[in-house]
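Asker: Here you go, one structure.
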Amino acid sequence: MLSLAETPSRHPADRLALVKGAERLTFGELETRSTRWASWLIGKGVQPDDLVAFSRPNGPEFIAIAFGIYKAGATPAPISGKLPAFERDAILDVMQPRAYIEPTDAPDCAMAMLPPIHVAASWKACTSGGSTGKPKVIVDGRPAAFPDGMDFIGIPENAPVLVPGPLYHNASFSSAIFALWKGCTVCMMDRFEEKAALQLIDDLRIQWSIMVPTMLHRIWRLPQPYRESFDLSCWNMVVHTASPMAPWLKQAWIDWMGADHIWEVYGATEGLVRCWIGGRDWLTHSGSVGKPTGGARLRILDERGNEVPTGIDGEVYAMPAGGPKSSYRYIGAERRATADGWESVGDIGHVDAEGYLYLADRRVDLIISGGLNIWPAEVEAAISRHPDIVSCAVQGKPDADMGQIVHAVIEMQRKTLSLEELSAFLSNYLVRVKHPRSLTIQASAVRDDAGKFRKQ
């Protein structure tokens, strides 16, 4: 096993580790910065296996903090720096980390001799709004060390890669950390912009990237002559994740880049199962998210907990390779599990005779907008704080660009409310990307007597 804490020192000191705009950081510089952060954290009382939360925009400092936490023997818990204080504090209240690194904090101490490396029991702790509207923390069940030679969704060794999404998201965080562990140069972006992404791929000779379908859609919408003006021959693997990709768009990318270059990974932050499918398999299993990898298993169950026949939709349950309760633990939530330990995160789908998984819905009620998971209950809880709103319900509405947008149905009496006014109110409680993009106002009750909302 190779410790994550030793990642910066395992690679040549002069090799480029991180790129964001004009910022450049070598592995040697990452080693120095992360050691300084570790010294600062230990001085603040951080102990082995503690959770350490932090907020930073995408950039070298985000990564330096994460590796500083590993060097302190603790577990990094990244939080979006764009959250309103109300939402951030709710997460911290549930998580109860040993320390929270404020966006303005700096390691204002001299580097100290660090104690012998302690490999934290968990290598990451990610946050989610949760199906009840309350935040939850998902603590990974794997330690902060990986077996030598381990593969992770095709990330190459010692190559330039592009991770354009927010690093506090599970997929982006995992990809960036593992890519550095393999000696890659990780290129980041403040905010995804399709033209800038193509320019980076060309300029830096990017070999691998991970994107959400919204990003791929925006690249595809560019005029074909413009797209093809870039030298993308280096771009060997395009991995997409987080939300469904329209079959026509998937086919368009396969036609453009070649089937061997387009891959999809499916799996929740809980790590119960990871499914993996390349373009060639997808052409013969259109719509599938692939087969389980790494020894994980799937079962499809009906509402009574009975296994359904092949090809019939039901709730997707999984058993990780390590057995029940091996892949994660929750803080602030309860597992959805059968008596014998199979677990579900609420996805609906079926498997075919060859074992390929097809999803009908990513999750029950979950809205996935531009790759971001948005729980309706979380948005509803914030909307209901408005003094003029009687009741509300939130749902996903199909959108060609974002996949889904947040749509709110609101009951109000004798008053009107514009989308702009609602968004201004919600700014105190929710990050902007979770705000409704469309709105229906009605005078009648939104829900029936049983509390059920009939989706529009």
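Asker: List the pairs whose first member sits in region 384-409 and is more than 11 Å from L439 (Cβ to Cβ), whose second member is aromatic (F, W, Y), and whose Cβ atoms are under 6 Å apart, counting only residues at least 6 apart or on separate chains?
Answerer: Close Cβ pairs (under 6 Å, with a partner that is aromatic (F, W, Y)) amount to H386/F425; A393/F453.
Asker: Okay, moving on. Looking at the structure I just gave you, is M111 of a type in the set (A, V, I, L, M, F, W, C), farther than 25 Å from D190 by Cα and at pLDDT 95 or above? Give the steps one after another, and end with the answer.
Answerer: Values: of a type in the set (A, V, I, L, M, F, W, C): yes; farther than 25 Å from D190 by Cα: yes; at pLDDT 95 or above: no.
So M111 fails the test.
Asker: Same structure, new question: Scan region 233-252 for residues that are in a loop (DSSP other than H, G, I, E, B), out of contact with any Phe, Trp or Tyr (no Cβ under 9 Å at 6 or more places or on another chain) and either modelled with pLDDT of 95 or more or not small (G, A, S) (or both) and jot them down.
Answerer: Matches in region 233-252: S233, C234, P244.
Asker: Checking G43 against (1) more than 22 Å from the chain's Cα centre (by Cα); (2) surrounded by fewer than 23 Cβ atoms within 10 Å (Cβ to Cβ); (3) at pLDDT 95 or above; (4) not β-branched (V, I, T), which single condition isn't satisfied?
Answerer: Single failed check for G43: (3).
Asker: Which is in contact with a strand residue (DSSP E or B) (Cβ under 6 Å, 6 or more places away or on another chain), loosely packed, with under 13 Cβ neighbours inside 10 Å and in the same structural domain as A77 (by TED's automatic domain parsing), of I312, I300?
Answerer: Among I312, I300, only I312 is in contact with a strand residue (DSSP E or B) (Cβ under 6 Å, 6 or more places away or on another chain), loosely packed, with under 13 Cβ neighbours inside 10 Å and in the same structural domain as A77 (by TED's automatic domain parsing).
Asker: Right, something else. Is it the case that some residue within region 22-35 is among the aliphatic types (A, V, I, L, M), surrounded by fewer than 16 Cβ atoms within 10 Å (Cβ to Cβ) and assigned by TED's automatic domain parsing to the domain that holds V163?
Answerer: Checked region 22-35: at least one residue is among the aliphatic types (A, V, I, L, M), surrounded by fewer than 16 Cβ atoms within 10 Å (Cβ to Cβ) and assigned by TED's automatic domain parsing to the domain that holds V163.
Asker: Could you tell me which residue of region 325-363 is farthest from the chain's Cα centre (by Cα), considering only residues that are within 16 Å of E270 (Cα to Cα), outside any strand (DSSP E or B) and aliphatic (A, V, I, L, M)?
Answerer: Only one residue fits best here, namely A333.
Asker: If you take the residues of region 404-426 that are outside any helix (DSSP H, G or I) and hydroxyl-bearing (S, T, Y), which of them is surrounded by the fewest Cβ atoms within 10 Å (Cβ to Cβ)?
Answerer: Of everything passing the filter in region 404-426, T416 is surrounded by the fewest Cβ atoms within 10 Å (Cβ to Cβ).
Asker: Here's a follow-up. Do we find a residue being closer than 27 Å to I331 by Cα and touching a strand residue (DSSP E or B) at 6+ places or on another chain (Cβ under 9 Å) anywhere in region 177-195?
Answerer: Here is the first cut: in region 177-195, the residues closer than 27 Å to I331 by Cα are 177-178.
Then keep just the ones that are touching a strand residue (DSSP E or B) at 6+ places or on another chain (Cβ under 9 Å); that gives 177-178.
The answer is yes, given that some residue of region 177-195 is closer than 27 Å to I331 by Cα and touching a strand residue (DSSP E or B) at 6+ places or on another chain (Cβ under 9 Å).
Asker: If I go through region 274-320 residue by residue, how many of them are touching a residue at least 40 places away in the same chain (Cβ under 8 Å), assigned to a loop (DSSP other than H, G, I, E, B) and polar (S, T, N, Q)?
Answerer: The total comes to 1.
For every residue, the table says whether it meets (1) outside the structural domain of S243 (by TED's automatic domain parsing); (2) surrounded by fewer than 19 Cβ atoms within 10 Å (Cβ to Cβ); (3) touching a residue at least 40 places away in the same chain (Cβ under 8 Å); (4) under 26 Å from T269 (Cβ atoms).
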position: L162; (1), (2), (3), (4): no, no, yes, yes
position: L167; (1), (2), (3), (4): no, no, yes, yes
position: N170; (1), (2), (3), (4): no, no, yes, yes
position: R191; (1), (2), (3), (4): no, yes, no, yes
position: I206; (1), (2), (3), (4): no, no, yes, yes
position: P213; (1), (2), (3), (4): no, no, yes, yes
position: L222; (1), (2), (3), (4): no, yes, no, no
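The values are calculated or read from the model by the stated rules, or taken from the named source; none is laboratory data. All values derive from a computational prediction rather than experimental measurement. Every residue, glycine among them, receives a Cβ derived from its backbone with ideal geometry; neighbour counts consider all protein chains shown.
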